[in-house]
Amino acid sequence: MKTDLINKSAFFILLIIGQLLPGCKKNESDPTKVIDKDGNSYNIITLGTQKWMKENLRTTKYNDGSTITEVTADDVWKTTENGALCWYNNDAAKYKESYGALYNWYTVGTGKLCPAGWHVPTKDDWTNLIFYEAGYLVAGGRLKEADTTHWASPDGIRNFPDNNESGFTALPGGYRSNSFFYGLRVTGLWWTSTSDLSASSWAVSMYNDVDQTLTSTYIYSLGVSVRCIKD
């Protein structure tokens, strides 16, 4: 009888401990994906010590749930000093899923554009990625999607250089500059969170006909793509 009571007591103690220990609970999160406030899901890739989204950001909400203003009118886009987004040629149905949104830098400057636990990469974050992929002269070829599904062919200028060896799958969402859209399938531009002057910030660029990756400064009103990196 005593033995039975001891065994029952031990069983209930172990049961309670099992319920309390966090390691005994099933982890419902998916470590290979991240979800924004719109519910969009993004694949994740680890490169060196960094974790990156494998897709261009397409959220219409900041990570606090507030709405990012969508601006279609040219005169509003080029004069606003508030965060704004658009879709290439103002056509979300055609371009959202593949290429993501184009954001002005004022969205980046809020510090709330990427999902919680993630951020718009600094210039140094991008530099670390570029050197992890063998440097500015060849990193573009290693980072860009490897075929012509989204990148335009270089039209015989040279053999198509991209191999996407990194798995990063950079896509050319083009950009919005005041009153026109340009560069879809030819140019990929991504903001950094590193501001340069009072109205310009660093961005990273890749092009369809070269392996190089470049960094330059652009005015805050330019609408370009964003990739997020884990904190």
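When each of Ser201, Ser216, Ser166, Ser195 is tested for being outside any loop (DSSP other than H, G, I, E, B), surrounded by 18 or more Cβ atoms within 10 Å (Cβ to Cβ), in contact (Cβ under 8 Å) with a residue 12 or more places away in the chain and under 19 Å from the mean Cα position of the chain (by Cα), the lone residue that passes is Ser201. Set side by side, the residues Gly183, Gly135 differ, and just one is of a type outside the set (S, T, N, Q), without any contact (Cβ under 8 Å) to a residue 12 or more places away in the chain and surrounded by fewer than 19 Cβ atoms within 10 Å (Cβ to Cβ), which is Gly135.
Name the single residue that is farthest from the chain's Cα centre (by Cα) among those in the range 96-106 being surrounded by 21 or more Cβ atoms within 10 Å (Cβ to Cβ) and assigned to a helix (DSSP H, G or I). First the steps, then the outcome.
Initially, the range 96-106 is screened for residues surrounded by 21 or more Cβ atoms within 10 Å (Cβ to Cβ), giving 99-105.
From what's left, assigned to a helix (DSSP H, G or I): 99, 105.
On the way: Tyr99: 11, Trp105: 14 Å.
Per the stated criteria, the residue is Trp105.
Only one entry in Asp74, Asp4 is among the charged types (D, E, K, R) and at pLDDT 95 or above, namely Asp74. The requirement of being of a type in the set (Ser, Thr, Tyr) and touching a residue at least 40 places away in the same chain (Cβ under 8 Å) is fulfilled somewhere in the range 146-155, by at least one residue.
Per-residue answers, yes or no, for (1) in contact with a strand residue (DSSP E or B) (Cβ under 9 Å, 6 or more places away or on another chain); (2) crowded, with 22+ Cβ neighbours inside 10 Å; (3) in a helix (DSSP H, G or I); (4) among the charged types (D, E, K, R):
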position: Asp75; (1), (2), (3), (4): no, no, yes, yes
position: Thr79; (1), (2), (3), (4): no, no, no, no
position: Asn82; (1), (2), (3), (4): yes, no, no, no
position: Lys94; (1), (2), (3), (4): no, no, yes, yes
position: Val108; (1), (2), (3), (4): yes, yes, yes, no
position: Gly111; (1), (2), (3), (4): yes, no, no, no
position: Pro121; (1), (2), (3), (4): yes, yes, no, no
position: Asp124; (1), (2), (3), (4): yes, no, yes, yes
position: Asn128; (1), (2), (3), (4): yes, no, yes, no
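For the range 62-85, filtering for residues that are over 19 Å from Tyr220 (Cα atoms) and within 17 Å of the chain's Cα centre (by Cα) leaves 1.
The values are calculated or read from the model by the stated rules, or taken from the named source; none is laboratory data. Predicted model only: the values in this text are computed from it and were never measured. A quick note on method: Cβ atoms are made from the backbone with ideal geometry, for glycine too, and the neighbour counts reach across all protein chains shown.
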